[in-house]
Amino acid sequence: MIKLSEILFEETRYKKETGENLPNWQDKLKEYEKEKKNESKTDRAFDKFRNPIIAAILFFILHMPIVNTMIFKQFSFLSIYNDDGNFNFYGLVLKAAIFGFIYWFIESALDYLGEI
């Protein structure tokens, strides 16, 4: 990948040595801009689809019967389910809070990794 600073440094050095502009620096600059444009399209596509994919995966995982069983066992001291074994209102609020926390954690981790 071409870096803009490298192009400018090379062009400045060549100009100091010869007194003329670098013959193909404009071509390198166009190539840099093209790479940057393609990279930004990829980033935008990733950003656009990242949230729905994460939400869909979390929704799927949190609606699996084994997850419900784990929640029933871990939070058995709370009255989060009805007599028929389904979640009541408080159980659904708890499950939504778990979803929100996991979603926030994944988003924060991906944003942190994206800055590196």
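Take Glu107 and tell me if it is surrounded by 12 or more Cβ atoms within 10 Å (Cβ to Cβ), closer than 30 Å to Thr12 by Cβ and among the charged types (D, E, K, R). Please lay out each step first, then the result.
Details: surrounded by 12 or more Cβ atoms within 10 Å (Cβ to Cβ): yes; closer than 30 Å to Thr12 by Cβ: no; among the charged types (D, E, K, R): yes.
Criteria not met by Glu107.
Output yes when any residue across the range 83-105 is of a type in the set (S, T, N, Q) and in a helix (DSSP H, G or I), and no when none is.
Checking the range 83-105: not a single residue is of a type in the set (S, T, N, Q) and in a helix (DSSP H, G or I).
Within the range 15-48, track down each residue that is among the hydroxyl-bearing types (Ser, Thr, Tyr) and either at pLDDT 70 or above or under 28 Å from Asp111 (Cα atoms) (or both).
Tyr32, Ser40, Thr42
The values are calculated or read from the model by the stated rules, or taken from the named source; none is laboratory data. If you're wondering where the values come from, they're calculated on a predicted model, not measured in any experiment. Cβ atoms come from the backbone with ideal geometry, glycine included; neighbour counts cover every protein chain shown.
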